[in-house]
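Worksheet: the structure to be examined is printed underneath.
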Amino acid sequence: MDRFHIRKVLTSTLLFGVLIGHANARPVNILTWWGYLNAPSLMDEIGRACGAEISYDDYYTNQEFLSRLDGDRYDIIIHSDVVYDFTKDIVAQAPRVNLSQISDRYHPAVKQRFIGDGYTENTALFQLSLTGFLWNRNTFSVDESQQIEDIFQAAKGKRIVVIDDAIEVANLVAKAHSPNGLRRIETLVGDSQFVITNSLGKIFSDASFSFAYTWSGAALSKLRNNPHLRFTIHPSLSHISRDLITALSADKVAVCVAKALSSESFLNGLMLTTKYYSPFLSVRPDDIEDKLFAHDYTQFLQHIDALPWLQRYPTEQYNQLEEEWLMIKLQLGHTL
């Protein structure tokens, strides 16, 4: 079965018994990033509270999201800010649902950014992420003072991993406002072993692994059982990105689910599972049992006012970057 096209229906014993057999249970369909809603206990609570049979399709890349986006099929979509402009037509046709009012409770720096981004009222923040370097301390190191050329040069001949995201990579290699900067990755990589993937799997177990430029949640999930790994927030090469939740249905059960998924209690709880950050940032570090994550979370709180946010490109420029990234992957990358 194709892993990218599995419809996952939440059918825990409790949820199945209460909702599937309940006369008023209403299906609520969601399109989401892979791994976000894989929290059965949290989802069960929402299903019971809203009287919903929640099902979701998940995807692995922004391009897959765009290829599967269908406003008639989904009640709720969870997606990257960088593809927000592609959802505008669908959202414009959707009934008005006010999710954005929850932003009053966001962390002040997050709220300021959210307001400045000018989203529709159907949209709220879902999770925040931080790009950085996951590196193998047995053979490599990343120092906050290093420039991007220094990091890639030090990894020459070793395995380098970068996320499969044209916008994130363009931001890393060039900090440019033009698609032309993306080609710089070819020079940086040189003759090193190059892997492009959003799923780290066991790549970091290979002795030749040097570093991965990846999202914080993906990196932090690997640290606990792999003491040879370290994760570094780089003051000039790391940045904050955000994922959004958008309501496309005004059905009261679907709205109940959308509001629950964007709530402070749900997103704070989800943060502890996914290791991506809640936009509320209201959990005290001392209350986090996972001390590795508590340390990273503390660093994030300390850096949030100084770190740049990933910019959103106009749709035409976004498409140009994606086309160029596809060519790079075909010519240069080993994509997983």
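Descriptive notes on the structure:
- Hydrodynamic radius (Kirkwood) for segment 95-173, which is based on Cα pairs only, to one decimal in Å: 16.1
- Rounded tilt (10° steps) of 291-303 against the dominant C-alpha axis of the chain: 80
- Rounded D (µm²/s) - segment 119-213, Kirkwood Rh over Cα pairs, Stokes-Einstein at 25 °C, 0.890 mPa s: 169
- An ellipsoid equivalent to segment 216-336, defined through the eigenvalues of its Cα gyration tensor, has semi-axes of 27, 25, 15 Å when rounded to whole angstrom and sorted largest first.
- Counting only DSSP beta bridges whose two residues both lie in the chain, roughly 55 percent are antiparallel.
- Total formal charge among the other residues, if their Cβ is under 13 angstrom from that of D150, Lys/Arg +1 and Asp/Glu -1: -2
- E168 accessible area, assembled protein chains, probe 1.4 Å, Å²: 0
- Sum of -39500 (n - 2.57) over DSSP H runs of 4+, divided by residues of the chain (222 nm, nearest 500): -10000 deg cm²/dmol
- Restricting the calculation to Cα atoms, every distinct pair contributes to the Kirkwood radius of segment 159-292, found to be 17.5 Å.
- Surface share of carbon and sulfur [accessible, 1.4 angstrom probe, percent] for the chain: 49
- When every Cα-Cα distance of segment 38-109 is counted in 5 angstrom steps from zero, the calculated P(r) takes the values 3, 11, 19, 19, 22, 20, 6, 0 percent.
- Between segment 188-202 and segment 236-310, the alpha-carbon center distance in angstrom: 27
The values are calculated or read from the model by the stated rules, or taken from the named source; none is laboratory data. Keep in mind that this is a model prediction, so the values were computed, not measured. All Cβ positions, even for glycine, are placed from backbone atoms using ideal geometry, and neighbour counts span all protein chains on display. Accessible surface areas use protein heavy atoms only, side chains included; no ligands, DNA or RNA. Shrake-Rupley method; radii C 1.70, N 1.55, O 1.52, S 1.80 Å.
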